[in-house]
Every structure is written in structure tokens, then in C-alpha cells.
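Comments concern the structure below.
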Amino acid sequence: MRTLLVTGAAGFIGSNFVRMLLNRKEQVKLVAFDKLTYAGNLANLQDLLAKHPDQLVFVKGDICDPAAVTKAFDDHKVTEVVHFAAESHVDRSILGSGPFVQANVVGTQVMLDVSKAKNVQKFLYVSTDEVYGTLPEDKPEIKFTEETPLQPNSPYSASKAGGDCLVRSYFHTFHMPVLTTRCSNNYGPYHFPEKLIPLFVTNLMEGKKVPLYGDGLNIRDWLYVEDHCDAIYTVLNKGRFGEAYNVGGNNEITNRVITETLIREMGKNWDEVVTYVKDRPGHDRRYAIDATKIQTELGWWPKYKFETAIKTTIQWYIDNQSWWRAIKSGEYLKYYETQYAGR
Ligand code: NAD
Ligand code: TDX
């Protein structure tokens, strides 16, 4: 039986990945390994742990701790690794890059070293399109391909690119069976409400304003989280070792249009709820993914349409208010005030 060690499985995408595999009845065992940082939440897995005790276990641990990772391998006879765990929020990386270098660079190095020592059969690194830097908005024909040079612009993306480079080096130097995915912005259930879409949806429900950075015309290429999870599993099963695969839905949207969509769906009025705030320093203007490689080589295509999946997403936040209200208190409030006060 395949046993996947899924790091960061209590976060947004990791928990959706575990959920998707269990819902699909994939014949794999899953070891959810997570430090439970501010972004990790056992509530994201609780129902799955209760329903699938023979297939899913949770291990609290730090990817920077070789002994903890080694123990998880030994206790559960891990055969493959899907490495999601990371510090993931660009704005927090601007407040302080130390935790990002630690988790995203050192953590990835530890995961690679333990996986190498244990002769892991596959190691998939979940990276991001942000490692490529930014694209001009006046040249829509240009998109990120896997050949685009890595030119990260934020401490977050720089630390993710550090992980990319380490993964690449373990293929060339040690012939490790590694795979890398680079996906665009995700949206969907269990998304931590510091990120644009869940922040705006929950602020609107709380009767608060939504803070749009700069002129609101930055472009992101949005993909429903389950499509990303499906792409990751496709690459894990069919990808060529040492290769990177871009993942995206050909769905470029400005932040203003995202905001208009959310406001319309939630029956609010733009002038009453939108506040323009000072721009994010170093704010990447445009991301756009060319996903030709994963489509032609591995036959992956997104299944969800933005127009319907965004409605499903909004409805999830309406139906799961206890989930996000529990998060949007305590430590979160301190962060929110630091991030947005006086901007
Ligand atoms: P998230 O912040 O929601 O979850 C990250 C998880 O990692 C949390 O559960 C956290 O507790 C865990 N974690 C952090 N440091 C850890 C450590 N030292 N040891 C063990 N666990 C630790 O992030 P996400 O949005 O789910 O992103 C998951 C991965 O996907 C990241 O690697 C991110 O770079 C990548 N990615 C995200 C997006 C996106 O739009 N969210 C797009 C492309 C790629
Ligand atoms: O309050 C806000 N106002 C605003 O205008 C926030 C939080 C964001 N924004 C803008 C900044 C971006 O242009 O919205 C866009 C999306 O911002 P985020 O949700 O913070 O995502 P982004 O910075 O694009 O990064 C995300 O996608 C790639 C994830 O957080 C990363 O982990 C992933 O690698």
C-alpha cells in the first residue's frame, strides 16, 4: 500500500488534497504531518480523521526537525512525500522574512534529506507561480512557462524559490525522484481569511470594509483548489522525475473584478464597502500560467468554472461561520491591525 506523508495537511490546500483523495476512495494511506502554526487548523481534518481512522493519521511535527520527520517515516512506513508545508502569506513575509526562510528553505532541505535517507519513492514539492516574478499587463500573450527564469520578488516567493532550487539540486546531484508543481492563486473552502478572497467574503459578512491594495488592477490567475489538488495527484502519479509542471486555469482576473464579483454575490454596494489602501511593497503586477505542459504531457485540465466555483466558495463561508469566526479573533486581530492600521 502506498503511504503518502502530506506535510502542511492541516492548512488550506493540504487539507483539501487529503479530503479529495479520501472522497475519491483512492487506495493510499495518508500521514498528515503539520506543526499547526497560526495557519494550521485541525478542524480542517477532524471529520476525515473520525471517518477514515484506518487510512488517515495526524502527526503534529515540524518539518525543520529531522528527528520528528524521521519518526513519522519510521512509524508509518512512508513511501512518498507531498510537501505542502510552508509559510504562505506574502504580506507576513514583508513584516518578517525569518520564519519564511526557516520553514520554506530549511524545512524543505530537512524534508529532502530525510526522504533521501529513507529512499523515498517520490517527493513532490508544491511550489508557486510567484517564483517566476511578475509579468507586464500590456503583453497578455506572455505567460509563465516552465522555462521562465525564477525571479522572485517577495521574501515569500524568494523562500519558495529557494525550495525549488534545492529540490532541483537533489535530482541532479543525488538522482532523487523529485517532482515540482507551480500553481497560480487558489480559492475554495478552508482558505485562511488573511488572503484576498476569504478576507473579503468574511469582512463583508462582518459588516467591515474590504481593503483593496493600490489601484486594484493587479492580476492573478485564479484556480479552484480541487483542480490544483487533482493536478498535484496527477503529477505524483504520472510526472517525470526532475521536472516542474505549471498549473493554472487560464483565468486572469484583476483584484477589482474579483472584488466586484464578491460584492455583487453578497448583495453589497461598492461605494459603501470598498476602501483603497496603500499598496503592498513590491506588489507583483500580473501572474499568468501557461499550463500546456501538464495538459499535453499528463492530460490534466481544470474541471471547475470560476463563475460557479466562486459561488460554491462564498456559500461555504456562509455555511461555516463558526470555522472562520474562531480564526478571526486572538492572534489574527493583532495581525490584522498591524497589517491594515493607518494604511
Ligand atoms: P497555508 O498557510 O494555508 O497552510 C500551510 C500549512 O503548513 C499550515 O497547516 C501550517 O501549519 C503548516 N506549516 C507551516 N510551517 C510548518 C512547519 N515548519 N512544519 C510543519 N508544518 C508547517 O498554505 P496553503 O495556501 O495551503 O499553501 C500550501 C502550499 O501550497 C504552500 O507550499 C504554498 O507555497 C503553495 N501554494 C499556495 C497557493 C495558494 O494560492 N494558496 C498557490 C500555489 C502554491
Ligand atoms: O487585503 C488584501 N487586499 C488586496 O488588494 C489582500 C490580502 C490582498 N490584496 C491583493 C494582493 C494580490 O494582488 O489581492 C491579490 C491576492 O493577494 P493574496 O490573497 O495575498 O495572494 P497572493 O499574494 O497573490 O499569493 C497567493 O497566491 C500564490 C498565496 O497567498 C500564495 O501562497 C501563493 O503562492
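No lab work stands behind these numbers, since they all come straight from the coordinates. The structure presented is a predicted model; accordingly, all values stated were derived computationally and were not measured. Heads up, the Cβs are rebuilt from the backbone with ideal geometry, glycines too, and the neighbour counts pull from every protein chain shown.
Annotations for the structure displayed:
- Calculated Rg and Dmax of region 12-153 using C-alpha coordinates, Å: 17.0, 53
- Gain on full stretching of the segment that runs from Lys278 to Ala117 - 0.36 nm per residue minus C-alpha separation: 53.2 nm
- Diffusion coefficient, µm² s⁻¹, Stokes-Einstein with Kirkwood Rh over alpha-carbon pairs of region 198-279 at 10 °C and 1.306 mPa s: 107
- The order of the peptides 105-115, 67-77 by mean Cβ neighbours within 10 Å, most packed first, is 105-115, 67-77.
- Near Arg280, the amide H atoms lying under 5 Å from its own belong to Gly214; only residues 5 or more places off or on other chains count, and H is placed 1.01 Å from N.
- Amide H partners (placed H, <5 Å) of Arg285, local residues excluded: Leu135
- In this structure, the amide hydrogen of Ala85, modeled 1.01 Å from its nitrogen in the peptide plane, lies closer than 5 angstrom to those of Thr7, Gly8, counting only residues at least 5 positions away or on a different chain.
- Neighbours of Glu206, meaning other residues whose beta-carbon lies under 9 angstrom from its beta-carbon, give a summed charge of +3 when Lys and Arg score +1 and Asp and Glu score -1.
- Using the average count of surrounding beta-carbon atoms within 10 Å as a protection proxy, the listed peptides 24-37, 298-311 rank, highest first, as 24-37, 298-311.
- Where labels lie 7 Å past Cα in the beta-carbon direction, separation of Lys334 and Phe174 in nm: 3.7
- Each helix, a run of at least 4 DSSP H residues, gives -39500 (n - 2.57); summed and divided by the residues of the chain, these come to -12500 deg cm²/dmol at 222 nm.
- Mean separation of Cα contacts under 8 Å, 6 or more apart, over the residue count of region 186-240: relative contact order %: 41
- The Cβ shell under 10 Å around Tyr224 holds other residues with a net charge of -1, Lys and Arg each +1, Asp and Glu each -1.
- Two tests apply to each whole DSSP H helix in the chain, Cα reach of 24 Å or more along its axis and mean Kyte-Doolittle hydropathy of at least -1.0, and the ones passing both are 155-174.
- Förster-model FRET efficiency, 45 Å R0, Lys209 and Leu36, C-beta, rounded to 0.05: 0.90
- Packing, as the average of other Cβ atoms within 10 Å across residues, places the peptides 330-341, 180-191, 131-142 in the order 180-191, 131-142, 330-341, highest first.
- Theoretical gain in end-to-end length, Trp301 to Asp319 [0.36 nm per residue, Cα-Cα removed]: 3.6 nm
- Computed from phi, the 3J(HN,Hα) profile of region 148-153 under the Karplus parametrisation 6.51, -1.76, 1.60 (θ = phi - 60°) reads 4, x, 6, 9, x, 10 Hz, with x in place of Gly and Pro.
- Computed lengthening from Glu265 to Ala67, 0.36 nm per intervening residue step minus Cα-Cα distance: 66.5 nm
- Pairwise Cα distances in region 82-133 exceed 14 Å in 58 percent of cases.
- Taking label points 7 Å from Cα along the Cα-to-Cβ direction, Val106 and Cys165 give a separation of 1.8 nm.
- Taking the centroid of alpha carbons for each part, region 119-142 and region 245-303 are 15 Å apart.
- In the chain, the C-alpha radius of gyration followed by the widest Cα-Cα span (Dmax) gives 19.2, 58 angstrom.
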